[in-house]
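The values are calculated or read from the model by the stated rules, or taken from the named source; none is laboratory data. Remember, it's a predicted structure, so these values are computed and weren't measured experimentally. Cβ atoms come from the backbone with ideal geometry, glycine included; neighbour counts cover every protein chain shown.
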Amino acid sequence: MKSIAAIAAVTLGLHACATPFAHADEKVKVGAASAHQGVYVGATGGYATAALSSADTDLAAEGLFGGIVIGGGVITPSGMYLGLEADGVLRNIRGSTDEQGVQIKATNDWLVSVRGRVGVTAGPALLYATAGPAITQSKLATEGLGSDSEYLLGLAGGAGAELYVAPNVALGVEVIHYRFEPEILSVGGIPAEVDQSETVGRARLTFKLN
């Protein structure tokens, strides 16, 4: 009986010692995942490569951009991340081509998108896919023949990774592809249906507000 009592006492003692550590580990896991919950604002910047094409012309453009992001997200009971984000960037996307001795220039100065984000967390890290509508404005011009510009509506889709390096500060990278609906642009009185797509790589720095 004394042996059984001693074993029971040791077992209870070990359980009592282990319980605080188990709770502490659980709190760490919950805290790491909850870092991705809430509203955030931040900055983003990177490089874009775009392709504009019509029946007679193919034009490549590229350049740097920078802007702001604002969004928010929650962690579901299953551990999945669900979020919504909007961004607006100013860009210096430029390109040109020569067609029969005439130089055609393309410019793109801004882009706005609203995207959903769905992902999984691993401690302070988040891996996610993102997609949503986007809008921009492209301009074509030729010397002596004038210019034309149109708003382009399209879809954005890509993936990214984010890491909380402090309780309210996260660093991340993304690759996003944009595909816009063709629009009619007229340069020198000659209309052409222009199709635009582009791929961007960008870094981001965000600050959680709550």
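Is it the case that the range 50-65 has a residue that's among the aliphatic types (A, V, I, L, M), within 18 Å of the chain's Cα centre (by Cα), surrounded by 12 or more Cβ atoms within 10 Å (Cβ to Cβ) and at pLDDT below 95?
yes
Flag not set for Thr130, criterion: at pLDDT below 95, surrounded by 14 or more Cβ atoms within 10 Å (Cβ to Cβ) and part of a strand (DSSP E or B). Taking the range 152-210 as the region of interest, the strands (runs of 3 or more DSSP E) fully inside it that hold 1 or more residues being under 16 Å from the mean Cα position of the chain (by Cα) are 169-180, 190-208.
Among residues of the range 110-127 being surrounded by fewer than 15 Cβ atoms within 10 Å (Cβ to Cβ) and among the small types (Gly, Ala, Ser), the one that is farthest from Glu174 (Cα to Cα) is Gly123.
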